[in-house]
Amino acid sequence: RMAAAPPSYCFVAFPPCSKDGLVVFGKNSARPRDEVQEVVYFAATDHEPGSKVECTYIEIDQVPKTHAVVLSRPSWLWGAEMGANEHGVCVANEAVVTREPASESEALLGMDLVRLGLERGATAKEALDVIVALLEEHGQGGNYYEDGSSCHTFQSAFLIVDRSEAWIPETSGKYWAAEKITEGVKCICNQLSLTTKIDAEHPELRNYVRSQGWWNGDSDFNFSEVFSLADEHLACCSGRESLEKQGGDVSAQEMIDVLRDKDSGVCVDSESFLTTASIVSVLPQDSSFPCIHYFTGTPDPSRSIFKPFIFVDDVKLVPKVQSPSFGNDDPAKKIPRFQEKPDRRHELYKAHEWARSLLENDQDKGQKLMRIMLDLEKQGLEAMEDILTRTEVLDPAEVVDLFYDCVDTELKFFK
């Protein structure tokens, strides 16, 4: 049983740590090594009154309108590890372990809440309100992994960011507390990080922990101390120092460098876990500029390239980073679940496997390929830098194929 929560890392940098006027968000998604992540886009949609939405395990009421979202997600589930919406809101989740065992009964996954927050919240605070209301109504629970032999369950923490602020809610069952951040650097990983600075909380939180005998009501209320397992409460963030060292210069490239760092442990490549996908988002505080979201769509950011996506109407879909769909025949949808594992690899993932074997078996060719790839990435980053510094307004036609073209070019190099 993988009792330890997967060691993902999420970051946000605000001025004065980030480049002037930019909020920079990033996450490495650490998941079981062989799991495929896809990058999917869903347009804004109006829904009929009374309609339902089928999440990973349960069905809930749909809302009248959902925002456009772009998601990086394990391709067997409905929700997402991380993503963004058309209003410049980014959400990532962390699986965490608390002193309360997470529920095995099927409810909403932390990853479903990521997508629901993005589809329904036009600001970070709205997304927070959506997530905690759904947690209260439906609870969290069910298997975090596509594994028919055992049920891996976790509680959730989230990093919710928009152009002006970030909220970090941490949960145990339906109880939660959240901290608001508007400056500097914050990192969250697979353990609780909230202490005594709590800016919003479940109305019954303190009564509940008192009734459990976990807090006497006299000392300062420290969320991590109250909810962590005795030996768990450590400071987790090696990546944060790297970002703080940038001295006010954090932009997309600096965040990418931190996510690629294996020595610090931020880029996970262990026996059980691998960074199966990564995201970096740049949110200008001036809303006349577009937000830019970079996705790898492939494992191990140190061997992947970050490709930019910008929300515009009629953005071109990218089937080459989408996993095959198995509809109702999907073993993830049948009870008992996960009795077999279908091949979920998408085209870019397969091309990447070839490139990875080249890197491992032919140093010279591998290094050369990696140089070409990084050069391609650099061109993308420079073009985006240009969009964020020019004075004229962005013409949507210029970026409607942006992500599609980047994926296409990457595939051509692999061929």
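The values are calculated or read from the model by the stated rules, or taken from the named source; none is laboratory data. Keep in mind the model is a prediction, meaning the values are calculated, not measured. Ideal geometry is used to build each Cβ from the backbone, glycine not excepted, and the neighbour counts take in all protein chains shown. For the accessible areas, the whole protein counts, side chains as well, though only heavy atoms, and no ligand, DNA or RNA atoms are used. Shrake-Rupley method; radii C 1.70, N 1.55, O 1.52, S 1.80 Å.
Whole-Hz Karplus values for region 300-317 come out as 6, x, 6, 10, 10, 10, 8, 10, x, 9, 10, 6, 9, 4, 6, 4, 6, 6 Hz, taken residue by residue from phi with 6.51 cos²θ - 1.76 cosθ + 1.60 and θ = phi - 60°; glycine and proline positions read x. Working note: Karplus 6.51/-1.76/1.60 with θ = phi - 60° gives region 331-336 the couplings x, 6, 9, 9, 9, x Hz, where Gly and Pro are set to x. Near the amide H of Tyr294, within less than 5 Å, lie the amide hydrogens of Val280, Ser281, Val282, Phe309, all on another chain or at least 5 residues away, with H placed in the peptide plane.
For the peptides 304-314, 219-229, residues were scored by their other Cβ atoms within 10 Å and the scores averaged per peptide; the highest-first order is 304-314, 219-229. What pairs in Lys125/Lys186; Lys125/Lys197; Lys320/Lys368; Lys52/Lys125; Lys174/Lys333 have C-alpha atoms more than 21 Å from each other? The answer is Lys320/Lys368; Lys52/Lys125; Lys174/Lys333.
How would you classify region 317-415 from its alpha-carbon gyration tensor, with a ≥ b ≥ c the square roots of the eigenvalues: rounded for a/c under 1.5, else prolate if a/b is greater than b/c, otherwise oblate? Note, shape of region 317-415 comes out oblate.
Please work out the average accessible area per residue across region 137-286, using the 1.4 Å probe convention, and give it in Å².
Details: 5910 Å² over 150 residues.
Accessible surface, normalised per residue, equals 39 Å².
Among the protein heavy atoms, those of Arg163 account for about 50 Å² of accessible surface (1.4 Å probe, every chain in place).
So, with a 1.4 angstrom probe, what is the percent of accessible area on region 9-414 that is carbon and sulfur? Percent of accessible area from carbon and sulfur atoms in region 9-414: 46. Largest first, the residues His293, His138 sort by 1.4 Å accessible area into His138, His293. Overall size of the chain from C-alpha positions, given as principal axis extents largest first: 61, 50, 49 Å. Working from the Cα coordinates of region 248-309, the gyration tensor eigenvalues give, after taking √(5λ), semi-axes of 25, 13, 8 Å in decreasing order. Taking the chain as the reference, fit the longest principal axis to its C-alpha atoms, fit the long axis of helix 347-361 to the helix C-alpha atoms, and give the angle between the two in degrees, 0 to 90, nearest 10. The angle comes out near 80 degrees.
Sequence-ordered 3J(HN,Hα) estimates for region 157-163 from the Karplus curve with 6.51, -1.76 and 1.60 and θ = phi - 60° stand at 10, 9, 10, 10, 10, 10, 5 Hz, glycine and proline given as x.
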